[in-house]
1. Take the residues in region 6-25 that are surrounded by 15 or more Cβ atoms within 10 Å (Cβ to Cβ) and closer than 21 Å to residue 76 by Cβ; name whichever of them is modelled with the highest pLDDT.
2. What tally of residues in region 31-67 results from selecting those that are in contact with a Cys (Cβ under 7 Å, 6 or more places away or on another chain) and among the polar types (S, T, N, Q)?
3. Return the residue satisfying two criteria in turn: it lies in region 45-75 and is of a type outside the set (A, V, I, L, M) and open to solvent by less than 30 Å² (accessible area, probe 1.4 Å), and of such residues it is farthest from residue 21 (Cα to Cα).
Amino acid sequence: MNENISAASGKCHSDQECLYTLSISVPTYNRATRLSRSLDELRETILNSRLIKSIFISVYVTDNGSTDNTKAILVEQSKKFNAAGVSFFHESV
């Protein structure tokens, strides 16, 4: 079952047109704590990048049927990424 919980508008961080697209794919299975830390670090790295103003960035996380609280972590992370202007998609397979 696929669930796309959230997706941002996909705008660049400036008024100029995006010059590049960067897609980051993160597979996960029962790694909620590690996943949360990793996504926090990824978001900070993206936001601190000098190129963020000209790159459309999207993060895709695929959960392979975790039985821990991975889904709750992904919902929380989705809000953080979208607030930062980064498209964030996740699905359970």
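The values are calculated or read from the model by the stated rules, or taken from the named source; none is laboratory data. A quick note: this is a predicted structure, and the numbers were derived from the prediction, not measured. Virtual Cβ from ideal backbone geometry, glycine too; neighbours counted across all protein chains shown. To get the accessible areas, we keep the full protein, side chains included, count just its heavy atoms, and leave off ligands, DNA and RNA. Shrake-Rupley method; radii C 1.70, N 1.55, O 1.52, S 1.80 Å.
1. Ranking the candidates gives 8 first.
2. So the count comes out to 1.
3. 66
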